[in-house]
1. Please go through the stretch 326-338 and pick out each residue that is touching a residue at least 40 places away in the same chain (Cβ under 8 Å) and buried (at least 22 other Cβ atoms within 10 Å of the Cβ).
2. Taking the condition of being hydrophobic (A, V, I, L, M, F, W, C) and either within 16 Å of ligand 1 (Cβ to nearest atom) or without any contact (Cβ under 8 Å) to a residue 40 or more places away in the chain (or both), how many residues in the stretch 265-284 meet it?
3. Hey, any hits in the stretch 112-123 for a residue that's away from ligand 1 (no atom under 16 Å from the Cβ) and crowded, with 24+ Cβ neighbours inside 10 Å?
4. Note down all Cβ pairs under 6 Å where the first residue falls in the stretch 52-67 and is hydrophobic (A, V, I, L, M, F, W, C) and modelled with pLDDT of 95 or more, the second is assigned to a strand (DSSP E or B) and within 16 Å of ligand 1 (Cβ to nearest atom), and they're at least six residues apart or on different chains.
5. Could you pull out the residue among VAL83, VAL148, VAL108, VAL160 that is within 16 Å of ligand 1 (Cβ to nearest atom) and either crowded, with 24+ Cβ neighbours inside 10 Å or farther than 26 Å from LYS375 by Cα (or both)?
6. Just to be sure before I move on: is ARG495 in contact with a helix residue (DSSP H, G or I) (Cβ under 9 Å, 6 or more places away or on another chain) and part of a strand (DSSP E or B) in the structure I sent?
7. Of these, GLY440, GLY445, GLY462, which one is under 20 Å from LEU516 (Cα atoms) and not β-branched (Val, Ile, Thr)?
8. For the structure I just gave you, tell me whether SER275 is closer than 21 Å to ASN386 by Cβ, within 16 Å of ligand 2 (Cβ to nearest atom) and not charged (D, E, K, R).
Amino acid sequence: MIKTNAISPFPDQKPGTSGLRKKVPVFQQPGYTEAFIQSVFDSLSGFEGATLVIGGDGRYYNREVIQTAIRMAAGNGFGRVLVGRGGILSTPAASHLIRKNAAFGGLVLSASHNPGGPSEDFGIKYNVANGGPAPEKITDAIFARSQVIDRYLIADFDAVDLDRTGASEAGGMTIEVVDPVADYADLMETLFDFDAIRAFIAGGFRVTFDAMHAVTGPYAREILVRRLGADPDLVINAAPLEDFGGHHPDPNLVHAKALYDTMMGPDAPDFGAASDGDGDRNLIIGKGVFVTPSDSLAMLAANAHLAPGYRDGLKGIARSMPTSGAADRVAEKLGVEMHETPTGWKFFGNLLDAGRCTICGEESAGTGSDHVREKDGLWAVLLWLNILAARQQSVLEIVEDHWAEYGRTYYSRHDYEAVDTDRANQLMNALEQKLDQLAGTEADGLTVERADSFTYHDPIDGSVSRNQGIRIFFDGGSRLVFRLSGTGTSGATLRVYMERHEPDPAHHSQETQDALAPVILAAEALAGIREWTGRDAPTVIT
Ligand code: G1P
Ligand code: ZN
């Protein structure tokens, strides 16, 4: 039986950089989740009888929302849902399932790297038929719909047993509970030389992986341990927990500090990696060397041809605007297109679909390729392992070779989290106001060459995205970017991105913050961060 339930709009259902993210109690308000899911369905057409993929990162409230989403899919006329066993699907695995099954789209339940638990974060993201996040055209429509929604449609049936794989029928719809790992692991085998990686590991190359008690634990056990022979004791925090063990499942130098310390210690394994809540981010650390995500993108792109799936070379490379220019130098050398997009994976979809790029990346620990339409943490780990096995080198050797060839791009991001929203907006407005007058002026020793607010013109569909961050370029090639986060759930987060290219290998072993000191000082001089935020220092430095 299908019920039509009356509902009033919630004013705050605007999807951000990556879907709708709110605290769990916000989603728990009566009708809140239903209103958003219905707004998604109402913004789509033509899904009668079609397949919808549903899964999440296993965080608190995942299972409840999955049951609601299944009933609403039936209520709205979908013909089939595919749901990961235990309600689990990593974001890249969900993307793959959508593509493999020619699904109409998918609901990915995750707040990515944000903490989980009864008073922490939850999120819902809609992905389209290519497996990627819905483009702005759709997210704008969802928000518009959420402002006037007055009812939702839901079928009435018992809760689906999410813990047993197999198909059942309910509400006029087929419900298939599928193994969340198998298809994804098989896809990885088509891209990488598993035999070479297995032999490399068997030969003594030690790999450690921190799943951060989030979704990638089962994936890492299957792929790294079972299929590639990695030491099971070195796959740590592999049991997914609803609250991620009370930690932020964010693979950066702050939240994956233990892994970092291990990798810098005397008995470090040869390769260390971590992934985030929903499995789309990656952190790569070699024995004694941290690889910045921007560098990782460049190094993966430069060496991708060593993996079978990329043997024929790259069609192009894409990076988000705040990501460093390291990959641009690789694209230039390879003679392939380079694209600069706004922050957020959704902007890569069109380029990937049109065959204009093969590898994409963001400075926020996201890398991926055209194998799915999401960034993919384990994919990055496996590509690194494939490259290491093919070159029979250490991470440090690959990094140093790369810098020697292309120069080193020092890069860092300073986050000021949970600052007052009005003050953060005022800081950005004040900067914006003076953009026109900045060229030629000095900022604590650095001369501004040009400054703008980044606008993206999508070369495929012609759409224009404005206000995607403020860029300040200095004489000598350093760059500074300011933007406000679109994923935070409390107050505003100011992100300040700094980079400086250093061609001379004699200067490649500086400490990053020291190498960037002039740019950091210029940021304060230009934006008055201390005054506007009331903070003396960033909350997170990556
Ligand atoms: C952040 C990252 C961005 C990433 C997004 C989703 O968004 O900066 O690169 O795509 O998370 O993982 P932000 O909070 O900066 O809007
Ligand atoms: Zn994520």
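The values are calculated or read from the model by the stated rules, or taken from the named source; none is laboratory data. Every value quoted in this text rests on a predicted model; they were computed, and no experiment measured them. Cβ atoms come from the backbone with ideal geometry, glycine included; neighbour counts cover every protein chain shown.
1. Filtering the stretch 326-338 down to residues touching a residue at least 40 places away in the same chain (Cβ under 8 Å) leaves 326, 329-330, 333.
Hits for the stretch 326-338 are ALA326, VAL330.
2. First pass over the stretch 265-284, keeping only residues hydrophobic (A, V, I, L, M, F, W, C): 268, 271, 273-274, 283-284.
From what's left, either within 16 Å of ligand 1 (Cβ to nearest atom) or without any contact (Cβ under 8 Å) to a residue 40 or more places away in the chain (or both): 268, 274, 283.
Looking only at that region, the number is 3.
3. No, the stretch 112-123 contains no residue that is away from ligand 1 (no atom under 16 Å from the Cβ) and crowded, with 24+ Cβ neighbours inside 10 Å.
4. VAL65/LEU109
5. VAL108
6. Details: in contact with a helix residue (DSSP H, G or I) (Cβ under 9 Å, 6 or more places away or on another chain): no; part of a strand (DSSP E or B): yes.
For ARG495, the condition - in contact with a helix residue (DSSP H, G or I) (Cβ under 9 Å, 6 or more places away or on another chain) and part of a strand (DSSP E or B) - is not met.
7. Details: GLY440 fails: under 20 Å from LEU516 (Cα atoms); GLY462 fails: under 20 Å from LEU516 (Cα atoms).
Within the list GLY440, GLY445, GLY462, the selection yields GLY445.
8. Values: closer than 21 Å to ASN386 by Cβ: yes; within 16 Å of ligand 2 (Cβ to nearest atom): yes; not charged (D, E, K, R): yes.
Here the answer is yes, as SER275 does meet what is asked.
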